[in-house]
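> Handing you this structure, nothing more for now.
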Amino acid sequence: MTKGRRARRGAAWTTALTALAVAVASGCARDTVQAGSGQDGGVVHVACGATEEWCAATTERFAETTGVQADFVRLSSGEALARIQAGKGNAEFDVWYGGPADGYAAAGDQGLLEPYVSENAAAIPAKYKDVSGLWTGVYVGALGFCSNKELLREKGLDAPRSWADLLDPKLKKDIGIAHPSTSGTAYTALWTQVRLAGGDEPKALDYMRDLHPNVLQYTKSGAAPAQMTARGEVAIGVIFSHDCIATQEAGFPDLEVTFPSEGTGYETGGVALVEGAKNPDSAKKFVDWALTPEAQEIGPSVKAYQFPTNPDAKVSDKVVDLASIKVVDYDAAEAGARKSALTKWFDEEVAQAPKS
């Protein structure tokens, strides 16, 4: 396929993808009550790491159900952590909702989260929550490969079914993946390599170096490679599988989801109270509600097909069966503790390296 054909097709597909594109909100949450006042303004300000549509549907349903006002700013995992760090001592947000738990673990290590064990957390399996209540899981999503079958056919390749398949020279600059310092999705991919290497971080970085020539660019958002793959900008995106399924449903049936045979990582999307929240009572109500079946069944209504952590929540038939794929032993606390050092190492030794 010529570059000209790909560019023309990319322009046509961009129009079709407009409705799917995730808008990154740029404002900041409103201040309602001064920190330390001991009051609650009957509103909750949410740093939201789910999709824009899911964030909107969740905060709207919460307000309808509880009578507590809610607003949100959509942020990737790295952005949310940075904003919460910047607000230490004068919290901008009351709650952090959505995004991989290793980011929450990193925030907890820095004293940025307030432990809270909701009564509703009793229903959530132990592997999906922090024992001290720093965070509680609300959904689970598996990392996978999202392939444009047409582009792969032109290269004489099948959809990848191993991490090794991504290193094929035929895929030079034809893979999309986010940067692990801004994206929880990409950090999940990086930590997965650490687990596959038996904890050997230098070996994991070696794999990322080998992958580097095949990466077109490191995006800020973890979901962006799904759109790149659908537009034909890359042949493969390394993303959470539910993002690929949502893109298929947006009118791109030629996309295919596969999982690596060596094992893949997964995210436990969390919810947590922010330390120094200005509306702590409303924040606790939000956490309580987020753990209910009602809240966790919202995702599929906005094409978000993660697995709910509450066993009583209905599971969409479009959600991947975690028992059907091989997953690595993913310790969110350990991953969170190593996040700062690993992402710095990745940026210096991988992302900035020249491509041959």
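> Is the C-alpha gyration tensor of the range 251-290 telling us rounded, prolate or oblate? Criteria: a/c under 1.5 is rounded; beyond that, a/b larger than b/c is prolate, otherwise oblate.
Judged from the Cα gyration tensor, the range 251-290 comes out prolate (a/c at least 1.5, a/b above b/c).
> How large is ³J(HN,Hα) for each residue in the range 294-306, as worked out from phi by the Karplus curve 6.51 cos²θ - 1.76 cosθ + 1.60 (θ = phi - 60°), to whole Hz, x for Gly and Pro?
4, 5, 7, 8, 6, x, x, 5, 10, 6, 10, 9, 8
> With all protein chains present, calculate the accessible area of His179 using a 1.4 Å probe and round the result to the nearest 10 Å².
Approximately 30 Å² of His179 is accessible to the 1.4 Å probe.
> Please list 3J(HN,Hα) in residue order for the range 92-107, calculated via the Karplus relation 6.51 cos²θ - 1.76 cosθ + 1.60 where θ = phi - 60°; whole Hz, with x for glycine and proline.
Using θ = phi - 60°, the values come out as 7, 10, 9, 9, 10, 9, x, x, x, 5, 5, x, 5, 4, 5, 5 Hz.
> If amide hydrogens are placed 1.01 Å from N in the peptide plane, which non-local residues have theirs closer than 5 Å to the one on Val327?
Thr264
> Let me ask something else. Pull out a ≥ b ≥ c, the square roots of the eigenvalues of the alpha-carbon gyration tensor of the range 270-356, then state rounded if a/c is under 1.5, prolate if not and a/b is larger than b/c, and oblate in the remaining case.
Cα axes put the range 270-356 in the oblate bin.
> A further question follows. Counting only the heavy atoms of the protein chains, how much of Lys155 is accessible to a 1.4 Å probe, in Å² to the nearest 10?
Answer for Lys155: close to 60 Å² accessible.
> Classify the range 211-356: rounded, prolate or oblate, from the alpha-carbon gyration tensor (a ≥ b ≥ c, eigenvalue square roots; a/c under 1.5 rounded; otherwise prolate if a/b is larger than b/c)?
Oblate, because a/c is 1.5 or more while a/b does not exceed b/c.
> Moving to a separate point now. I'm spelling it out carefully: the read-out is P(r) over Cα pairs in 10 Å bins from 0, in percent, the candidates are [x] 6, 26, 34, 23, 9, 2, 0; [y] 5, 23, 32, 26, 12, 3, 0; [z] 5, 17, 17, 11, 8, 7, 9, 11, 10, 5, 1, 0, and one was derived from this structure. Which label?
Answer by label: [x].
> Strictly over 24 Å apart at the Cα level, which of Lys220/Lys285; Lys88/Lys339; Lys129/Lys339; Lys173/Lys303 would you flag in this model?
From Lys220/Lys285; Lys88/Lys339; Lys129/Lys339; Lys173/Lys303, over 24 Å: Lys220/Lys285; Lys173/Lys303.
> So who's got an amide H within less than 5 Å of the one on Gly270, skipping anything under 5 residues away but keeping other chains? H placed 1.01 Å off N, in plane.
The answer is Gly98, Gly99, Ala101, Val138.
> Out of the range 152-233, which chymotrypsin sites (Phe, Trp or Tyr not before Pro) are coil in DSSP terms and have no more than 16 other C-beta atoms within 10 Å?
none
> Rounded to the nearest 5, what is the percent of antiparallel bridges among the DSSP beta bridges in the chain?
Within the chain, antiparallel bridges account for around 60 percent of the total.
> Additional query: Using 7 Å Cα-to-Cβ label points, what is the Asn90/Leu167 separation (nm, one decimal)?
5.0 nm
> What are the ³J(HN,Hα) couplings of the range 158-172, residue after residue, when phi is run through the Karplus curve with 6.51, -1.76, 1.60 and θ = phi - 60°? Round to Hz, x for glycine and proline.
For the range 158-172, the Karplus curve yields 8, 4, x, 10, 7, 5, 5, 4, 5, 8, 4, x, 5, 9, 4 Hz.
> Need the C-alpha centroid separation for the range 133-211 versus the range 233-283, integer Å.
Cα centroid to Cα centroid, the span is 13 Å.
The values are calculated or read from the model by the stated rules, or taken from the named source; none is laboratory data. Bear in mind that the values here come from a model prediction, so they are computed numbers and not experimental data. Positions of Cβ are backbone-derived with ideal geometry, glycine not excepted, and every protein chain shown enters the neighbour counts. Side chains included, ligands, DNA and RNA excluded: accessible areas come from the protein's heavy atoms. Shrake-Rupley method; radii C 1.70, N 1.55, O 1.52, S 1.80 Å.
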